[in-house]
Structure formats: structure tokens, C-alpha cells
Amino acid sequence: MTNDISPISSPTIDNKEQDDTWSSQKYVKNASFVPVLGAPVVKLLDPQAHERILDLGAGDGVLTIELEKKCKSVVAIDSSSDMIRAAAIIGCQDARVVDGHDLVDNALANGDFDAVFSNAALHWMKKDPVRVIQGVNKSLKTGGRFVAEMGGHMNVAEVRGGLHAALKKRGINNPEQYDPWFFPGVNTYKRMLEESGFRVDYIELIPRLTPLSTDVAGWIDTFGFMFMKPFENNEEEKKAIAQEVQNNLTFSQDEGVWHIMYVRLRFKATKIN
């Protein structure tokens, strides 16, 4: 097994074929605030010039490019081929399509990385969060660090609750099956990390009122698309649901700018075994 990871010039697909529901164009249009607000977690990571870093859930690679300026090399991975293509286009040196759930069995999980970084991505890995953490552990050197920020308990609660209510109103009694998010509290995620071989050095829930570059309906179109799966062939109904949720959040608008209350779970953990 090699101890070096050579950069590649175009994105590669390391996981099995899967539907890609993400749009990098919508992400740039409606979610440009995500990488901008990632500066505190980059500071917490404190990347060093000699380090190899894995960017888990790298999205369109905007923060990956910033990391590349500070360390020896970065491998950017994301489950979305559209996002990874966008990351390669902006110049990410090594961008790969890998689902975080599959990292534990991937060649990248070889104990070669000094750090694993993740911003605004882990809460999308709902199917098996512990398996994701185990993949991170296998990717790191002993003493390596896992630094991340994700949605935490009560994140976007008003929009999430509105989407659940809108689906129930339309006869879907179990909207949880279409809810793509995992927003844990401090105790839950700390326990997951510790049971997966990490020492938790810092973990905190951080409320953050977030101004949007779009309206709530646009935010739902970008991030809440999984709730629309029962209506995937009915564009009018999807628009009606998004508008209904927005109409019930009139107090979330101030001087023409819509806001959503984000709650971030930010942490730093060290691999001990």
C-alpha cells in the first residue's frame, strides 16, 4: 500500500452508481453562504504545510481550494458527481465521487491522512452515521484529527417542521421517510465519536441566524428536495409546498431578506485507536 496519494486531473468515481439529486448550479445560486461561513471550522482545523487532508463532503470544492493553499495535499470527496465535477472545474487537484457511508471500505481509508475535514455535510449522511465515523477513523493516522461542522439539534427546525406538516396535510403520514437530515445533539454525537475510537477535544452547539441569498422557497428547492420525492412528477405541487412553508414563516423576513435559524454542531476529535 502506498503512503502517497497522487493528485488526479479529473474526477473519479470510486463508489457504485447512484442517483445524483444535487445541482451545483442551484448550490452556487442559493447556498453561496455555506463555504463563506465555513471559516471558523477551517480555523479550528488549523491546517499545516506538511499535512495531507481528506475533505469529506467537499461539495463544489470552494473550501477545498482554501485548504490546498495551506497544506501539502487535499483529497476532496463527495457523493454527488455533479458537485465533484464542479470542484474539478474550479481547480481542485484531487476530486473523487465517494459516498461517506462507503469510505470505510474505500482505498482512501488507509490510515494515511493527518486530518479529516468536513463542513455542512455530515448531517446528510443519515443512513449510518456511525459507519461514516468509522471510515474517518480508518482514514486517519493515529493521533490524526477529525474537525467538522454539521447541522445540530434544532437546526432549521421551523422549515423542517413546516415540510413535515405540508406532507402530512397531503396524506403522507410518515414524512420522516423523506427527511434526509441527521441533526444530533452534543451528547449523541460525542458518544458516537468516542465509541468509534476518538477522544473528543471540543464539541459545541452554535445557534446562527443565517441570512439567505434567496427566499425560503428557493432554499427548499436547493436543500429540501428529498421531501418532494412523492411529488417528483408534479412540479406545481412541489412549488405549492415550498410556497406554503414560506407563507407560514413571514416573521423570518426582515427588510426583504429571509433568514433561517441554523444550529451548528462543531467539533474537534483525535484518533486514539
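Here, each number is a calculation from the coordinates, and none is a lab measurement. Note that this is a predicted model, so its numbers are computed, not measured. Methodologically, a virtual Cβ is constructed for each residue, glycine included, from the backbone with ideal geometry; neighbour enumeration extends over all protein chains shown.
For the chain, take the longest principal axis of its alpha carbons; what is the angle in degrees between that and the long axis of helix 157-169, to the nearest 10 within 0 to 90?
50 degrees
For semi-axes √(5λ) of the Cα gyration tensor in Å, which listed value, (1) 32, 20, 18; (2) 34, 25, 15; (3) 29, 21, 19, comes from the coordinates shown?
The calculated read-out lines up with (1).
Output ³J(HN,Hα) for the range 47-52: one whole-Hz value per residue in order, computed from phi by the Karplus curve 6.51 cos²θ - 1.76 cosθ + 1.60 with θ = phi - 60°, and x for Gly and Pro.
Those phi angles translate into x, 10, 4, 8, 8, 9 Hz.
If the elastic network links every pair of Cα atoms under 10 Å, which of 80, 213, 139 fluctuates the most in the Gaussian network model of the chain?
Looking only at 80, 213, 139, the largest GNM fluctuation is found for 213.
Which residue fluctuates most in the GNM of the chain (Cα springs below 10 Å): 171, 91, 224?
171
Among 236, 51, 195, which one shows the biggest mean-square fluctuation in a GNM of the chain, springs joining Cα atoms closer than 10 Å?
236
What's the angle, to the nearest 10 degrees (0 to 90), between helix 129-139's Cα axis and the longest principal axis of the chain?
Roughly 20 degrees, rounded to the nearest 10.
Can you give the FRET efficiency for residue 250 and residue 188, using 1/(1 + (r/R0)^6), R0 = 30 Å, r = Cβ-Cβ distance, to the nearest 0.05?
So the FRET efficiency works out to roughly 0.35.
Let me have the 222 nm mean residue ellipticity of the chain computed from DSSP H runs of 4+ only, each contributing -39500 (n - 2.57), with the sum over all residues rounded to the nearest 500.
-9000 deg cm²/dmol
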